[in-house]
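Working notes, structure below.
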Amino acid sequence: MIKVNSLRVDYENTNAVHDLDLDVSAGQIFGLVGPNGAGKTSTIKALAGIIEPTYGDIKVLGYDLELERQKALNRVGYMPDFPPVYEHLKVWEYLDVFAAAYNIPSGERAKKIRSWVARVNLESKHHAFIRDLSRGMRQRLVLAKTLIPDPDVLLLDEPASGLDPIARKDMRDVLKDVASANKAVIISSHILSELSDFCNAVGIMQQGKLLVSGSVEDIRRHVQSKGRLIVFLSEVREEMIQEAKSVLHGFSCVEHVEERKEGGLLADFSGCPADASLILAQLVLRKIPVCGFQCKEDNVEDLFFKMGMKEVA
């Protein structure tokens, strides 16, 4: 759906994106993550045809963005970080303007508008003026506008900015539905935890470079990420702690066992679920008062910081 080779974007003396390669398939929700200034917005603007890259090849749905621009962009939906809106229009009027611009027949517009207004939970604002909407409501409105023509490729730059928790969940549900219809979604954010719940592929950017991309599991393997084993004890006595440490040290898949401030133990864990079961069984067999036992893998945020530390090193 999207294929990028050696993309570079320069602004005068600043290199915003450096030799970026990217491949996004149908059905993927690809999270482009990184701190402010990493090059995420420049990358998305280049994919949307908003800026011309210094060099590099971009193909959208098999069309070369430079040579077959209109064909490439006809099936692309783009939502910028701070989307412009027409404050003097009502919600339904704004959507109607864009539905007409997208060549949606007049007889179909009203039904599509009602459907998307409901999908982004703006039904109560159907006849409200945009100037009276909050930033979060405006974000939802622009998302509805972007989705009205049913694009095959969706490019979203920080779309969750200003959304409340309910609206963020609604947005995640909408994007999952879009991807499940065999479409491709690229979504950027510097709030890494926003993406870890629903992206099935991730690219980590820093200083204009794509450090790594792929599924979260691919990236875990790339950075040799280890999970964490957390053991909660109902009695935090020194002898119990030492006994539990002794059990954990007896397994080769457990390393760096340390005490938690909240009580219990924390350790690096490279084993499988069957290993975790054996560890728990051994703790119980040794009559250690375990009241909680948890295996956690690094999330997107953890992986980003690990990649960032490698880059600095």
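The values are calculated or read from the model by the stated rules, or taken from the named source; none is laboratory data. All values reported here derive from a predicted model rather than from experimental measurement. All Cβ positions, even for glycine, are placed from backbone atoms using ideal geometry, and neighbour counts span all protein chains on display. Ligands, DNA and RNA are stripped out before the accessible areas are found, and what is left, the full protein with its side chains, is counted by its heavy atoms. Shrake-Rupley method; radii C 1.70, N 1.55, O 1.52, S 1.80 Å.
Here the chain exposes an accessible surface that is 49 percent carbon and sulfur, computed with a 1.4 Å probe and the other protein chains kept in place.
A simple spin-label model places the labels of Asp10 and Arg228 4.3 nm from each other, with each point 7 Å out along Cα-to-Cβ. Of the peptides 260-267, 182-189, the ranking by mean beta-carbon count within 10 Å, highest at the top, reads 182-189, 260-267.
Over the chain, accessible surface divided per residue gives 51 Å², non-protein components excluded, 1.4 Å probe. Take every DSSP beta bridge whose two residues both sit in the chain; close to 65 percent of them are antiparallel.
Computed from the Cβ-Cβ distance with R0 of 41 Å, the FRET efficiency linking Lys287 to Asp177 stands at 0.25.
At full extension, Asp23 and Glu243 could sit 74.2 nm farther apart than now, given 0.36 nm per residue minus the alpha carbon distance.
Translational diffusion of the range 87-171, estimated by Stokes-Einstein from the Kirkwood radius over alpha carbon pairs at 37 °C in a medium of 0.692 mPa s, is 252 µm² per second. In terms of distances greater than 20 angstrom between alpha carbons, the cross-link table entries Lys90/Lys183; Lys40/Lys112; Lys112/Lys145; Lys3/Lys45 yield Lys90/Lys183; Lys40/Lys112.
Close amide H pairs (under 5 Å, H built 1.01 Å from N) link Ala201 with Ile29, Gly31, residues at least 5 positions away or on another chain.
Within the assembled protein chains, the solvent-accessible surface assigned to Met171 is about 10 Å², based on a 1.4 Å probe. Of the residues Val33, Val290, Val120, the one that moves most in a GNM of the chain with alpha-carbon contacts below 10 Å is Val290.
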